[in-house]
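Notes to accompany the following structure.
Quick note: the coordinates plus some simple rules give every number you see, no bench work behind them. Just so you know, these numbers come straight off a predicted model, no measurement behind them. Glycine also receives a Cβ, built like all others from the backbone with ideal geometry; neighbour counts cover every protein chain displayed.
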Amino acid sequence: MANWSDPRTTAASTARVGGAREAAFDAGLRSYMLSVYNYMASGVLLTGIVALLFAQSGLAAQVLQTPLRWLIILAPLAFVMVLSFGINRLSTGTAQILFWAFATAMGLSMSSIFLVYTGESIAMTFFATAAAFAGLSLFGYTTKKDLSAFGTFLIMGVVGLLVASLINLFLQSSTLQLVVSFVGVLLFAGLTAYDTQRIKSMYFHVAGTDMMGKTVIMGALSLYLDFVNMFQFLLSFMGSRD
């Protein structure tokens, strides 16, 4: 019997294998992104619950008037630095614990907004932020345009924003505060789309490796920071003070 194969059969088989691999890759990517969003949303929820309970207990009003307020304010930054610079040395389980600890510390830090703004304006700003975040993240996930070119510009903008905020601690200028808040909303809106695309791209490098679990945590942390910062800057415009 002649040793040959029908080229049409071979092509069809190759197409089926390629299609199956692509389908498996797409399913893995969806599962990966869903894990990122689940961690991020759960972190935001935990922060909100802790902030509300701490404020309603009356402890926030007392503790934030003492030197302990600096510990509460700086603790989230410490967790971010440990996760950012030590993620390669941390186990996935440790990274998860640190993420939840960070979300809790952020809740204690953000409890002050319940002492300044009305509950209705906080809720309205939260839902407005959630809607904007969903749209921007969807854009970052689906767009074919490479957003990496904007990354450096956005990060430099955040550094400039921090410098302006520090300067305004001394100037106490309401005009500068409005400018900082407006620019902050725009920067973190852009970072939401950029980070979503970056996190999606990371899947190509970590799929099937031990780094996937830690990459999910770091992706959730990035989107969490985008959401919370956009919320806080937007609250400066939409928030009604008690």
Taking a spot 7 Å from the Cα of LEU59 along the direction of its beta carbon, which residues of the stretch 87-130 have an amide N less than 15 Å from it?
104-112
Pairwise label distance in nanometres, THR66 with SER42, each label 7 Å out on the Cα-Cβ vector:
3.3
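When a footprinting reagent is the concern and you count Cβ atoms within 10 Å, what order do PHE127, PHE114, PHE231, PHE150 take, fewest first?
Working: PHE127 10, PHE114 19, PHE231 24, PHE150 16.
Lowest count first: PHE127, PHE150, PHE114, PHE231.
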Amide H neighbours of TYR117 at under 5 Å, excluding residues fewer than 5 places away on the same chain, with H built from the backbone geometry, are ASP242
Could you identify which residue out of PHE85, PHE99, PHE182 has the top mean-square fluctuation in a GNM of the chain using Cα springs shorter than 10 Å?
PHE85
If one builds a Gaussian network model of the chain from Cα atoms under 10 Å apart, the most fluctuating residue listed among VAL163, VAL80, VAL228 is VAL163
Expected max-MSF residue from LEU83, LEU115, LEU59 in the GNM of the chain (alpha carbon, under 10 Å) is LEU59
Taking only DSSP H segments of four or more residues, each worth -39500 (n - 2.57), what value at 222 nm results for the chain once the sum is divided by all its residues, to the nearest 500 deg cm²/dmol?
-29500 deg cm²/dmol
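Can you give the percent of C-alpha pairs in the chain whose distance is more than 27 Å?
Tail of P(r) above 27 Å: 43 percent of Cα pairs.
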Please give the charge dipole size of the stretch 25-238, origin at the Cα centre, charges +1 on K and R Cβ atoms and -1 on D and E Cβ atoms. Round to the nearest 20 debye.
220
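Please give the FRET efficiency for ALA78 paired with LEU34, using the beta carbon to beta carbon distance and R0 = 45 Å, rounded to the nearest 0.05. All intermediate terms of the calculation are to be shown ahead of the outcome.
Working: r = 29 Å, r/R0 = 0.65.
After rounding, the FRET efficiency stands at 0.95.
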Through the Karplus equation 6.51 cos²θ - 1.76 cosθ + 1.60, θ set to phi - 60°, convert the phi angles of the stretch 85-101 into ³J(HN,Hα) values in whole Hz; use x for Gly and Pro.
8, x, 4, 5, 8, 8, 7, 4, x, 5, 4, 5, 4, 5, 5, 5, 5
Could you give the length gained on full extension between LEU178 and ALA130, defined as 0.36 nm per residue of separation minus the Cα-Cα distance, in nm?
15.1 nm
